[in-house]
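The structure appears right after this line, and notes come after that.
The values are calculated or read from the model by the stated rules, or taken from the named source; none is laboratory data. It should be emphasised that the depicted structure is a prediction, and the values quoted were computed from it without experimental measurement. Because the Cβ atoms are built from the backbone with ideal geometry, glycine has one as well, and the counts that use them run over all protein chains shown.
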């Protein structure tokens, strides 16, 4: 084995406990409203690495389908949005605040049309520790939605912006 490779492996093994100690995990559930009149809910898992927080998230939205087909103005669909959040943590007394970025794949069906696309945007939130491993979480953001719609009478594209406002709980472990 190459001497340089051995040194690299030794350094990595020495740094592994430092990196492992810096990690903390959180899982959270949030629910709330969106500026376009729908509701939103999400489940997320986060790995905290020093000041950075990264993790997968799955959201559900109730969204009006009227943007492409005005005939179905009362139509709504439930979208499933798997994606990822990346936040930067600023510690405060009993918790932290965070700005972040998010990207999600959007899919849904209202019984007549299929909806597929992406959501992406900015977010900011606060996590306030209630007890040792349970925290209150409030979050808002600015999101852009780019969704393709396939309907028996044709297809179209939704380009929309919205602001989600959510409140929920996080559990640390």
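Got at least one residue in the range 153-160 being surrounded by 16 or more Cβ atoms within 10 Å (Cβ to Cβ) and at pLDDT 95 or above? No. Against the criterion of being in contact (Cβ under 8 Å) with a residue 24 or more places away in the chain, surrounded by 14 or more Cβ atoms within 10 Å (Cβ to Cβ), in contact with a strand residue (DSSP E or B) (Cβ under 6 Å, 6 or more places away or on another chain) and farther than 17 Å from residue 28 by Cβ, residue 98 does not qualify. When you check residue 1 against the structure, is it at pLDDT below 90, over 21 Å from residue 128 (Cβ atoms), in a loop (DSSP other than H, G, I, E, B) and over 15 Å from the mean Cα position of the chain (by Cα), yes or no? Taking the combined requirement at face value, the residue satisfies it. Take residue 41 and decide whether it is closer than 30 Å to residue 152 by Cβ, at pLDDT 95 or above and surrounded by fewer than 20 Cβ atoms within 10 Å (Cβ to Cβ). It is true that residue 41 is closer than 30 Å to residue 152 by Cβ, at pLDDT 95 or above and surrounded by fewer than 20 Cβ atoms within 10 Å (Cβ to Cβ). Can you tell me which residue within the range 116-173, out of those that are assigned to a loop (DSSP other than H, G, I, E, B) and over 22 Å from residue 76 (Cα atoms), is farthest from the chain's Cα centre (by Cα)? Per the stated criteria, the residue is 132. One residue is enough: does the range 70-90 have a residue meeting the conditions more than 13 Å from the chain's Cα centre (by Cα), modelled with pLDDT of 95 or more and assigned to a strand (DSSP E or B)? Yes: the range 70-90 contains one or more residues that are more than 13 Å from the chain's Cα centre (by Cα), modelled with pLDDT of 95 or more and assigned to a strand (DSSP E or B).
Restricted to the range 91-107, and to residues that are over 17 Å from the mean Cα position of the chain (by Cα) and in a strand (DSSP E or B), which residue is nearest to residue 149 (Cα to Cα)? Across the range 91-107, the extreme among qualifying residues is 96. Only one of the numbered conditions (1) surrounded by fewer than 17 Cβ atoms within 10 Å (Cβ to Cβ); (2) under 22 Å from residue 25 (Cβ atoms); (3) in contact with a strand residue (DSSP E or B) (Cβ under 8 Å, 6 or more places away or on another chain) is not met by residue 131, and that is (3).
The set of residues from the range 134-152 being within 13 Å of residue 28 (Cβ to Cβ) and surrounded by 13 or more Cβ atoms within 10 Å (Cβ to Cβ) comprises 135, 136, 137, 138, 139.
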